[in-house]
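Here is the structure we will look at.
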Amino acid sequence: MPAAVHVVSIDPQASTVWWANRISDLPFDFSQEHESPENLSILKDTGAQVHVIANQKGGVGKTTVTLNLGAVVADVLKDSDALQHVFIDTPGSLQDENLLLEALKYAHDVIVPMPPEPLAFDPTARTIQKVIEPAGLPYHVLVNNWDPRDGKADLDETREYIEAQGWRSLKVAIRRYKVHTRASAEGRVVTQYDENKPSFKAREDFYRLAIELGYGGGK
Ligand SMILES: Nc1ncnc2c1ncn2[C@@H]1O[C@H](COP(=O)(O)OP(=O)(O)OP(=O)(O)O)[C@@H](O)[C@H]1O
Ligand SMILES: [Mg+2]
């Protein structure tokens, strides 16, 4: 019986595989395909919705979002016996643009994580304008790594920027929690975090994100 969710990494850095290999009980199927991205073409025949997580700026949270969103959607769909959603984690560099372009060939939509920091604005704009919009795909910008303790100014400024660009922004922002930063070393995804208040909030963000995107619900 195939898992409802498949996560694919095409990042040659392979941090996703490093993380995934440490997770003892993976809630989704996982594969690393940067050496043979043409293997992605089998996705066309699966009938699954393919979501690409992309931003050519490094360190914005692509891997964190891919694995944790994949985990909550897998949790919501745990009783399903068919593959429904594929999440593709992509490289955070301009030099691997060919890999990102290959993934976009099979995508139904794109999620663009960005931190609420002005330094990330221009590189994010480049990815959207030069790569995602020319592919003609629907996309959503997701503010990630917002620390509520810093107040709302950075979040508001980032949302104003996103709106001024005419991009569609997700209402949910993924907050910054140490549990996320530690999770890769501990080999966990958000559905496997301990039961405490920060973990609960960290998990809540990803469930709300899945609901806003309509992944796994509404059937
Ligand atoms: N919401 C968050 N809360 C706390 N830490 C976060 C959050 N999002 C990302 N991080 C941390 O920021 C760092 C970069 O995140 P991540 O590896 O997911 O980014 P990336 O875009 O995949 O990077 P790359 O471009 O190198 O592949 C990691 O240490 C990760 O744990
Ligand atoms: Mg990554």
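The values are calculated or read from the model by the stated rules, or taken from the named source; none is laboratory data. For clarity, every value in this text was computed on a predicted model and none was experimentally measured. No Cβ is skipped: glycine too gets one built from the backbone with ideal geometry, and neighbour counts run over all protein chains shown. These area figures cover heavy atoms from the full protein model, side chains too; ligands, DNA and RNA do not enter into them. Shrake-Rupley method; radii C 1.70, N 1.55, O 1.52, S 1.80 Å.
Some observations on this one:
- Computed over protein heavy atoms with a 1.4 angstrom probe, the accessible surface ordering of Glu160, Glu97, largest first, is Glu160, Glu97.
- Overall Cα dimensions of the chain, principal axis frame, Å, largest first: 47, 43, 35
- Just checking the listed ones, Arg208, Arg182, Arg159: in the Gaussian network model of the chain with Cα springs under 10 Å, the one fluctuating most is Arg182.
- The chain - percent of accessible surface contributed by carbon and sulfur, probe 1.4 Å: 48 percent
- Set Lys57/Lys152; Lys105/Lys178; Lys62/Lys171; Lys105/Lys201; Lys57/Lys197 screened for pairs whose C-alpha atoms are more than 28 Å apart: Lys105/Lys178; Lys105/Lys201; Lys57/Lys197
- Over the chain, DSSP H runs of length four or greater, each weighted -39,500 (n - 2.57), average out per residue to a 222 nm ellipticity of -10500 deg cm²/dmol.
- Based on C-alpha pairs under 8 angstrom that are at least 6 apart in sequence, the chain has a relative contact order of 24 percent.
- Distance from the stretch 116-137 to the stretch 143-216 (C-alpha centre basis), Å: 19 Å
- Heavy atoms of Tyr139 accessible to a 1.4 Å probe, total area in Å² rounded to 10: 30 Å²
- Average accessible surface area per residue within the chain, 1.4 Å rolling probe, Å²: 48 Å²
- Sites Asp122 and Asp81 - FRET efficiency at Förster radius 35 Å, r taken between beta-carbons, to 0.05: 0.20
- In this view, the solvent-accessible surface of Asp150, computed with a 1.4 Å probe and all protein chains in place, comes to about 100 Å².
- Cα-based Rg / Dmax (Å) for the stretch 114-219: 15.2, 43
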